[in-house]
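Engineer: One structure, pasted below without further comment.
Readers should treat all values here as calculations from the given coordinates under stated rules, not as data from a laboratory. Remember, it's a predicted structure, so these values are computed and weren't measured experimentally. Counting neighbours? That spans all protein chains shown, and the Cβs are built from the backbone with ideal geometry, glycine included.
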Amino acid sequence: MSLPEIHATTICSIRKGGQVVIAGDGQVSAGDTIMKGSARKVRRLGKDGQVITGFAGATADAFTLFERLEAKLERFPGQLTRACVELAKDWRTDKYLRQLQAMLIVADKEVTLVVTGNGDVIEPDQGVAAIGSGGNFALAAAKALMDQDLDAEAIARKAMAIAAEICVYTNDSLVLEAMDSTPKDQNQTA
């Protein structure tokens, strides 16, 4: 099984030292043309903004997924994993939703998840996740920086800067959202 190939953005999430951060670049591309340099691909969802999410892929598709995820969060308050599993089930089985071309990184104070249209809900290793055309660059940079004396925000900023230097579909106009997180040793998840 392969993940969908999503171009034209980089989203990176870091969970370290009691903080979780999701950062995204602002570039919107159509083919080889930059249409906009300051799009907001990272935002807060849920009651009181207790969930941070970032998307890679088609904007309209991502907003459709955000609306569906918010409905799932209302139905399953405080249960991000359950809400994401329910979203992934709908996304995979619904004829309309299956056509959506996007991926999401979703985080709350307890868990970070990558959600795809293949039905995947994946909690990344080491508290690091990245998606989009520059995702592998940001992921590699972030993993290399995790053992440094840097907080989650500093790692996310450095990883995104590296991705922006390498990926032509990624720029250095960042939107970054952060929140306090529960240390992993206090809250074990699968």
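Engineer: Could you compute the longest span of the chain free of trypsin sites (Lys or Arg not before Pro) located in DSSP loops and having at most 12 other Cβ atoms within 10 Å, not counting the site residues?
Structural biologist: Details: sites that count: ARG40, LYS95.
It works out to 96-190.
Engineer: Of all beta bridges DSSP finds with both residues in the chain, what is the antiparallel percent, to the nearest 5?
Structural biologist: Working: 36 of 36 bridges.
So the antiparallel bridges in the chain amount to around 100 percent.
Engineer: Something else now. Given the -39500 (n - 2.57) contribution per DSSP H run of 4+ residues, what per-residue ellipticity at 222 nm results for the chain, rounded to the nearest 500 deg cm²/dmol?
Structural biologist: Values: 4 runs with 57 residues, N = 190.
Estimated from H runs of four or more residues: -9500 deg cm²/dmol.
Engineer: Evaluate the Kirkwood expression for the hydrodynamic radius of the chain, namely the inverse of the mean inverse distance over all pairs of different C-alpha atoms, and round to one decimal in Å.
Structural biologist: Values: mean 1/r = 0.0616 Å⁻¹.
Across the chain, the inverse of the average 1/r is 16.2 Å.
Engineer: Take the Cα of THR93, step 7 Å along the line toward its Cβ, and report every residue of the stretch 48-87 whose backbone nitrogen sits under 13 Å from that point.
Structural biologist: Flagged as within label range: 85-87.
Engineer: Can you give me the Rg/Rh ratio for the stretch 40-106, using Cα atoms for both radii and the Kirkwood formula for Rh?
Structural biologist: So for the stretch 40-106, dividing Rg by the Kirkwood Rh gives 0.94.
Engineer: Between the stretch 123-158 and the stretch 30-52, what's the alpha-carbon centroid distance in Å?
Structural biologist: 18 Å
Engineer: Now a separate question. Given the Cα-Cα distance of ASP48 and SER173 and 0.36 nm per residue of separation, how much length would full extension add, in nm? Present the calculation step by step, with values, prior to reporting the outcome.
Structural biologist: Numbers: separation 125, 0.36 × 125 = 45.00 nm, distance 2.58 nm.
Working it through step by step, the gained length comes to 42.4 nm.
Engineer: Aspartates and glutamates within cross-link reach of LYS16: Cα-Cα under 19 Å, excluding same-chain residues under 8 positions apart?
Structural biologist: ASP108, GLU110, GLU123, ASP125, ASP147, ASP149, ASP151, GLU153, GLU177, ASP180, ASP185
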